[in-house]
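Read-outs throughout are calculated quantities, based only on the coordinates presented, and are distinct from any laboratory measurement. Since the structure is predicted, the reported quantities are computational estimates derived from the model, not experimental observations. Glycine also receives a Cβ, built like all others from the backbone with ideal geometry; neighbour counts cover every protein chain displayed.
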Amino acid sequence: MDVTEPPYRDGSGRTLEDYPRPSVAVDTAVLTVHEGRLCVLLVRGDAARERLPGTFLHPRETLREAALRALHEKAAVEGLAPRQLRVFDSPTRDDRGWVLSVAHVDAVRADRIRLTAHTRLVAVDEHPALAYDHTEIVAHAATTLRRQYRGQPDPWHLLPHSGDGLTIRDLRLLHEAVLGERLVADTFRRTMLPHLVPTGERRRGARGKPAELFRRTDAPESRSPADR
């Protein structure tokens, strides 16, 4: 004989179904360096305001699966590895009702983002007013990324991978684009050198002496997307 377990009840005698529950959304800030600026990927929805690629969580779906589905369906972007950023839970954040957003972030090279008629890249410091609280999500994502770029050489591997290595100047120009500010060359070099390994090779340029080449201590080929 089948025995059906009684529903769980808390100390007040209520079941889970007796409590109102919010809808759960997943929104992803995809960041990249485009035309020398730190940019975010925006999509144009049915409403007038642009927004981040996002969706509601479906039954029996993980947050990661929902984020990847939204990137594919809303932005035509594949192969990313978004990380959870934080939960945005203001009761008034969404005019459609009580909706929590589990925000995600990813940062990739611009050549991995295929733009469509419904998407564009906009500088994180100059984007228009966005739907819901997506302006706040973008700001938090950019701050998080920039904090990481203060002390580590290109931690999200936005520089194109080159088999011969990279120069300190390569890194500095990228970090300046991410941070949105000029960096003192000597100070930047001293900060980055502990995280770099000399290759013993040099790159010859059009002018000046050949530049020393380095590789990062965490070479990109040694990591899977899930490790980023």
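Quick look at the numbers
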{"read-out": "For the range 21-149: relative contact order, % (alpha-carbon pairs under 8 angstrom, 6 or more apart)", "value": "34 percent"}
{"read-out": "The range 21-149 - share of DSSP beta bridges that are antiparallel (%, nearest 5)", "value": "70 percent"}
{"read-out": "Under 10 Å, Cβ to Cβ, from Thr144 - net charge with Lys/Arg +1 and Asp/Glu -1", "value": "+4"}
{"read-out": "Per-residue [θ]222 nm for the chain (sum of -39500 (n - 2.57) over DSSP H runs n ≥ 4, rounded to 500)", "value": "-6500 deg cm²/dmol"}
{"read-out": "Cα centroid separation - the range 173-187 against the range 80-101, whole Å", "value": "32 Å"}
{"read-out": "Entry for P(r) over Cα pairs in 5 Å bins from 0, in percent (calculated from the structure that is shown) out of (1) 1, 6, 12, 15, 15, 16, 14, 12, 7, 2, 0, 0; (2) 1, 7, 15, 19, 20, 16, 12, 7, 3, 1, 0; (3) 1, 6, 12, 15, 16, 13, 10, 8, 6, 5, 3, 2, 1, 1, 0, 0, 0, 0", "value": "(3)"}
{"read-out": "Qualifying GluC sites (Glu not before Pro) for the range 67-144 [loop in DSSP, other Cβ within 10 Å: at most 12]", "value": "Glu78, Glu126"}
{"read-out": "Calculated FRET efficiency for the pair Thr4/Ala110, C-beta based, R₀ 41 Å, to 0.05", "value": "0.15"}
{"read-out": "Cβ-based net charge around Leu71, under 10 Å, with every Lys or Arg adding one and every Asp or Glu removing one", "value": "-1"}
{"read-out": "With Cα atoms, 0 to 90° folded angle of helix 134-149 axis to the chain main axis", "value": "40 degrees"}
